[in-house]
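What follows is a single structure, written as structure tokens, with notes after it.
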């Protein structure tokens, strides 16, 4: 039971991490956590999975370990995708989007249902912009993100997604 509790506590404390299990010379097991993710958080202002009415404004809390550039894209329940912000420089820590200098408000509109928001982060300034057009299913949504990130080294990029409901 104690071992189960330990693994449960480690799982909670090391979410979004890589856990490596190595036997030591005394035949016991050592756990080593590695935090390699650049993005540490992305969520709507009311929390992930929260509900908003059509017309309400939403903000997103974005957190990262290092400074870099973030692009936020949204996927509506009908498959329509849009860019919320593109190649915005952020310092390490937490930034709320939209920022005051962006001079925009994210007002939610129909269609009602789930809306996914994806943060794409790079340590270096992107030389291209992500272009979204038409309808997206999960495969096409992932393909667009992957194609945008391909030029960057794996250690210099990260992606995280959150969601909310529009009623």
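Every number here is computed from the coordinates shown, using simple stated rules; none is lab data. Quick caveat: nothing in here was measured; it's all calculated off a predicted structure. Here Cβ is always computed from backbone atoms with ideal geometry, including for glycine, and neighbour counts include all displayed protein chains.
Quick look at the numbers
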| item | result |
| --- | --- |
| Members of segment 61-89 found to be closer than 15 Å to residue 38 by Cα, in a strand (DSSP E or B), within 14 Å of the chain's Cα centre (by Cα) and without any contact (Cβ under 8 Å) to a residue 40 or more places away in the chain, listed by number | 61, 63 |
| Considering residues of segment 134-145 that are loosely packed, with under 11 Cβ neighbours inside 10 Å and not in a helix (DSSP H, G or I) only, the residue nearest to the chain's Cα centre (by Cα) | 137 |
| The lone exception for residue 54 - which of (1) under 13 Å from the mean Cα position of the chain (by Cα); (2) over 14 Å from residue 116 (Cβ atoms); (3) part of a loop (DSSP other than H, G, I, E, B) it fails | (1) |
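Okay, residues lined up against (1) in contact with a strand residue (DSSP E or B) (Cβ under 8 Å, 6 or more places away or on another chain); (2) in a helix (DSSP H, G or I); (3) surrounded by fewer than 20 Cβ atoms within 10 Å (Cβ to Cβ):
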residue	(1), (2), (3)
116	yes, no, yes
129	yes, no, yes
132	yes, no, yes
147	no, yes, yes
151	no, no, yes
160	yes, no, no
164	yes, no, no
